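Notes to accompany the following structure.
The values are calculated or read from the model by the stated rules, or taken from the named source; none is laboratory data. Every value quoted in this text rests on a predicted model; they were computed, and no experiment measured them. Neighbour counts are summed over all protein chains in view; Cβ atoms, including those assigned to glycine, are modelled from backbone coordinates with ideal geometry.
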Amino acid sequence: MFGVSSLGTVSLEELRKAHDTPQVYQFYFYKDRGLNQALMQRAKDTCIEIMMLTVDSITGGNRERDLRTGFSMQIDRRS
């Protein structure tokens, strides 16, 4: 099995040509329904077998190593 993200750096078509194994498409849902439709159609046209919906939030994870090292993320809410 092979996983491909909608934010990947290699195209679905390129991966399909290089690999003849089952592929999972990690689909990120956008506000733009037209973009969502186009991404799903592209995956269908490329013969992706499985669509996996990914839901993320802007909240960072609770990582113990970040607590130890003092790492933090700053979110700019001005934009």
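Some points to look at:
- All told, residue 46 falls short of being modelled with pLDDT under 80 and among the polar types (S, T, N, Q).
- Residue ID - nearest to the chain's Cα centre (by Cα), chosen from residues in segment 18-33 that are in a loop (DSSP other than H, G, I, E, B) and without any contact (Cβ under 8 Å) to a residue 24 or more places away in the chain: 30
- Restricting segment 39-53 to residues that are free of Cβ contacts under 8 Å to residues at least 24 places away in the same chain and surrounded by 11 or more Cβ atoms within 10 Å (Cβ to Cβ), the residue that is nearest to the chain's Cα centre (by Cα): 40
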